[in-house]
1. Once phi is turned into θ = phi - 60°, what whole-Hz ³J(HN,Hα) does the Karplus curve with 6.51, -1.76 and 1.60 give for every residue of region A:300-307, x standing for Gly and Pro?
2. Rounded, prolate or oblate: which fits region A:339-397 when a ≥ b ≥ c are the square roots of the eigenvalues of the alpha-carbon gyration tensor, with rounded for a/c under 1.5 and prolate only if a/b beats b/c?
3. Given a 10 angstrom Cα cut-off, can you work out which residue in A:Ala30, A:Ala228, A:Ala108 is the most mobile in a GNM of chain A?
4. Could you tell me the distance between the Cα centroids of region B:12-70 and region A:204-244, to the nearest Å?
5. Quickly rank B:213-224, A:95-106 as a protection proxy: mean count of other C-beta atoms within 10 Å, highest first.
6. Roughly how many Å² is the accessible area per residue of chain A, as a whole number, for a 1.4 Å probe?
7. Would you kindly state how much longer the chain becomes between B:Asp17 and B:Ser149 on full extension, computed as 0.36 nm times their sequence separation minus their alpha carbon distance, in nm to one decimal?
8. Report, ordered by chain and residue number, the lysines lying within cross-link reach of A:Lys155, taken as a straight Cα distance under 29 Å and ignoring same-chain residues fewer than 8 apart.
Amino acid sequence: MSLLAEKTQRPGLAPHTDSVATFVPDQSRAERTRSYAVADFPMPTGREEDWRFTPVDRIRPLLKDEATGLCLDWSETLPAGVRLGTMSVADWQSSGAPAPADRAAAVAAAHSGGVAVLDIPNDAELTEPVRLTLTGDDGQLVHGHVLIRAGRFSKATVVVAHAGHAAYSELVTISAGDGAHLTVVSLQEWDDRSIHLGQHDVVVGRDAQVKHIAVTLGGAIVRLNTNATYAGPGGSFEAYGVYFADAGQHLEHRLFVDHAVPHCTSNVEYKGALQGDSARTVWVGDVLIRAAAEGTDTYELNRNLLLTDGARADSIPNLEIETGEIAGAGHASATGRFDDQQLFYLMARGIPEAEARRLVVRGFFAAVVSRIGVPEVIGHLMSAIDAELEASVAVAS
Amino acid sequence: MSTLEIRDLHVAITADDVQKEILRGVTLTINSGETHAIMGPNGSGKSTLAYSIAGHPKYTVTSGTITLDGEDVLAMSVDERARAGLFLAMQYPVEVPGVTVSNFLRTAKTAIDGEAPKLRTWVKDVKEAMGNLRMDPVFAERGVNEGFSGGEKKRHEILQLELLKPRFAVLDETDSGLDVDALRIVSEGVNRAQEASDMGVLLITHYTRILRYIKPDFVHVFVDGVIAEEGGPELADRLEDEGYDRFLPAAV
Ligand SMILES: Nc1ncnc2c1ncn2[C@@H]1O[C@H](COP(=O)(O)OP(=O)(O)OP(=O)(O)O)[C@@H](O)[C@H]1O
Ligand SMILES: [Mg+2]
């Protein structure tokens with residue numbers, strides 16, 4: 001099976017210079033540059049469509065076309081049969097893997113020094129998750145490049161946890177062979193100084209089912225681009241996300257599901273809570289159903305809960321449909337304030353305020369959390385959300 | 001025996017930066033085991049009284065007192081009032097998505113009692129109470145009031161009443177939106193709760209039909225933020241025949 005799903009290359013767009021208010025126009029998601037060459041991606045100004053929400057000035061070090069030779073500390077738990085190895089960047093490129101889609105990813109691929117490859121063999125049915133824990137300790141600037149390959153008809157869960165203090169830019173390719181059932185969880189629990197830029201490309205094999213889960217709680221700036229393509233019909237892609245932004249955090253999740261193959265499905269559901277001054281989240285969900293993708297069924301949803309004033313959530317779903325022969329396509333997006341009526345109702349039944357808040361916020365996340373399906377991640381996530389809320393109650397009182 | 005005492009209560013709401021007085025001196029005493037019906041036209045302040053007793057932040061008490069066995073209710077937070085034994089069945093119960101009814105009930109019971117209920121008896125109690133109110137057991141795993149019909153929301157309020165066993169219950173138009181069967185089922189729930197724990201009831205209603213099932217000891221007619229007339233059950237019959245017309249400003 002080739003990793004190649006789609007590769008378009010064209011010269012980089014020159015940024016507009018006439019007005020700070022204008023963005024580089026983008027006709028269709030299909031038109032965006034994909035290239036292994038850093039030079040094809042000019043340094044962003046912050047006015048481009050795909051950078052306009054990001055605090056570009058604060059991430060410049062990760063956009064510099066320059067190797068640092070530094071790495072994160074890796075620790076791993078590998079169930080029997082699972083191998084962790086390496087591959088040269090050149091070999092990775094010739095495999096036809098999806099190419100970088102922005103400058104950060106191109107820089108990461110160019111300067112990672114090699115690709116870490118996690119291989120789950122054909123037909124393997126793992127009973128325990130694969131765990132990778134990547135930790136920074138002194139704010140080192142790191143370029144990372146990871147390939148997760150699930151062999152055909154394998155069943156596996158991979159949990160990648162990020163923690164500590166670092167400036168980390170990564171390119172991650174997740175490739176599920178025919179009939180594979182793969183769940184990949186990316187946990188962002190950085191400390192509050194860290195920066196994390198990521199491009200996750202998911203290639204869904206014929207009849208494969210891939211779940212991509214992003215849980216983003218820590219980090220000063222986290223920007224994750226998750227892209228899905230299908231290598232054959234019958235594939236299913238599910239993307240679930242939970243994020244919780246505190247004062248000063250910028251948490252950005254962008255998804256692009258590219259339906260170019262018939263009879264595939266996608267379901268995207270992201271939920272976020274925000275609290276504190278200048279807490280900031282961005283969610284962009286692009287779905288493209290190309291002419292060939294007959295029988296596509298897709299849905300995407302984003303909801304944000306503003307727990308305090310001063311927080312801001314942007315939510316932009318975008319559905320492009322080039323064929324009428326689809327099974328279903330829809331999206332929903334909403335951002336709302338914490339509902340004081342709910343708080344009153346619970347308190348009127350004797351439940352103290354802090355616990356009532358916790359119930360409401362847990363309830364807000366309940367549906368998406370139940371879809372994650374990895375018990376250890378769910379338990380961990382719920383206690384992390386409780387801790388976030390406790391911190392806020394402590395601040396408020 | 002307990003007593004809930006409301007004295008010369010004045011309550012205002014602030015809308016568009018203007019304070020508007022809604023309750024203009026309400027005095028009412030309810031003892032354990034008693035049922036008081038409050039009847040009155042739309043907008044007369046019935047819900048305002050109910051919410052003020054429960055402590056809704058939208059309503060400001062400008063003067064007067066509410067005490068429960070001498071304790072100052074107005075000094076208590078919303079949850080403290082509930083733990084002190086006050087219960088409000090709301091006219092429009094609130095949806096709390098993603099919080100299951102069973103989790104909600106258990107959390108509330110634990111808060112009210114100060115300890116978690118014994119699992120075995122609790123599960124049995126919940127099942128039995130739901131059965132009595134003809135609530136399908138699947139409701140236990142649905143979100144609180146999420147997508148419930150008007151009648152289902154009211155049954156859910158009375159389910160909580162039966163399980164939390166308050167000393168005083170304020171029922172704000174529990175009868176509205178119920179068909180005849182549901183009205184009977186819900187009323188039986190209130191009567192059961194009252195018999196079980198000698199609860200005092202403040203029954204707010206616009207119509208007399210619920211009074212066929214829940215017999216009031218006292219009837220208070222509420223008009224424009226004050227009690228305009230008080231009496232025994234016979235006053236309700238009179239209202240049934242005459243309506244509220246004689247209390248309305250046109251009659252002045
Ligand atoms: N948020 C608000 N802004 C302005 N006026 C309000 C607000 N809430 C209540 N009021 C007014 O307060 C008065 C009393 O309202 P309340 O809901 O207590 O009446 P009620 O007797 O319960 O009526 P109903 O029989 O319709 O339930 C009404 O005139 C109402 O319009
Ligand atoms: Mg009312």
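The values are calculated or read from the model by the stated rules, or taken from the named source; none is laboratory data. A quick note: this is a predicted structure, and the numbers were derived from the prediction, not measured. Cβ atoms come from the backbone with ideal geometry, glycine included; neighbour counts cover every protein chain shown. Heavy atoms of the whole protein, side chains included, go into the accessibility calculation; ligands, DNA and RNA do not. Shrake-Rupley method; radii C 1.70, N 1.55, O 1.52, S 1.80 Å.
1. 3J(HN,Hα) across region A:300-307, in whole Hz: 9, 9, 9, 10, 10, 10, 8, 7.
2. In terms of gyration-tensor shape, oblate.
3. A:Ala30
4. After rounding, the separation between the Cα centres reads 52 Å.
5. A:95-106, B:213-224
6. 37 Å²
7. 44.1 nm
8. Result set, ordered by chain and number: A:Lys7, A:Lys211, A:Lys271.
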